[in-house]
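To start, the structure under review is shown below, and the notes come after it.
The values are calculated or read from the model by the stated rules, or taken from the named source; none is laboratory data. The structure displayed is predicted, hence computed values, not measured ones. With ideal geometry, Cβ positions are generated from the backbone for all residues, glycine too; neighbour counts draw on all protein chains shown. With ligands, DNA and RNA removed, areas are computed over all heavy atoms of the protein, side chains included. Shrake-Rupley method; radii C 1.70, N 1.55, O 1.52, S 1.80 Å.
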Amino acid sequence: QVQLVESGGGLAQAGGSLRLSCAASGLAFSGHTMGWFRQAPGKEREFVAAISWFGIKTMYADSVKGRFTVSRDNAKNTVFLQMSSLSSEDTAVYYCAASTTVAAILNPMNYAYWGQGTQVTVSS
């Protein structure tokens, strides 16, 4: 049984930082592209960042480029999202997801496994 469990969400002030973690179990972690998505109230789920199997390639949404950093530790089956210079527009539920594909990783439909999400709220 595959499980992805996010943690690290919470309340942050504008300009502050948070670090999200996602612990995976029940899958060959190093054989999966890992992605982060977010969904704000009333909006569709959107791509935030992704990292390739061994962390060689990363990809970011334009809205977070330069502020967020995705990384992974395959020895610990964990993927991270370091978020800095937060703004109220970053308020959302953040989800990690796992995909066996290496293409079209911006599309949530290509991710087979999802965590339950962690709430990030940024106060201005």
(request) Would you kindly derive the ³J(HN,Hα) couplings of the range 74-91 from the backbone phi angles with the Karplus curve 6.51 cos²θ - 1.76 cosθ + 1.60 (θ = phi - 60°), listing them in order in whole Hz, with x for Gly and Pro? (result) 5, 5, 10, 6, 9, 10, 10, 9, 8, 10, 9, 6, 5, 10, 4, 6, 8, 5
(request) For the chain, report the accessible area per residue in Å² (1.4 Å probe, heavy atoms, rounded to an integer). (result) 51 Å²
(request) Compute the distance in nm between two label points, each set 7 Å from the Cα along the Cα-to-Cβ direction, one at Gln82 and one at Met109. (result) 3.5 nm
(request) Give me the aspartates and glutamates in straight-line cross-link reach of Lys65: C-alpha distance below 20 Å, same-chain residues under 8 apart excluded. (result) Glu44, Glu46, Glu89, Asp90
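How big is D for the chain, in µm² s⁻¹ as a whole number, if Stokes-Einstein is applied with the Kirkwood radius of its Cα pairs at 20 °C and 1.002 mPa s?
D, rounded to a whole number, is 151 µm²/s.
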(message) For Lys76, give me every one of the aspartates and glutamates with a C-alpha distance below 16 angstrom, ignoring sequence neighbours fewer than eight places off in its own chain.
(response) Glu6
(message) Out of the trypsin sites (Lys or Arg not before Pro) in the range 1-68, which ones are loop residues according to DSSP with at most 15 other C-beta atoms within 10 Å?
(response) Lys43, Lys57, Lys65, Arg67
(request) Count the net charge of all other residues whose Cβ sits under 10 Å from the Cβ of Val93, scoring Lys and Arg as +1 and Asp and Glu as -1. (result) +1
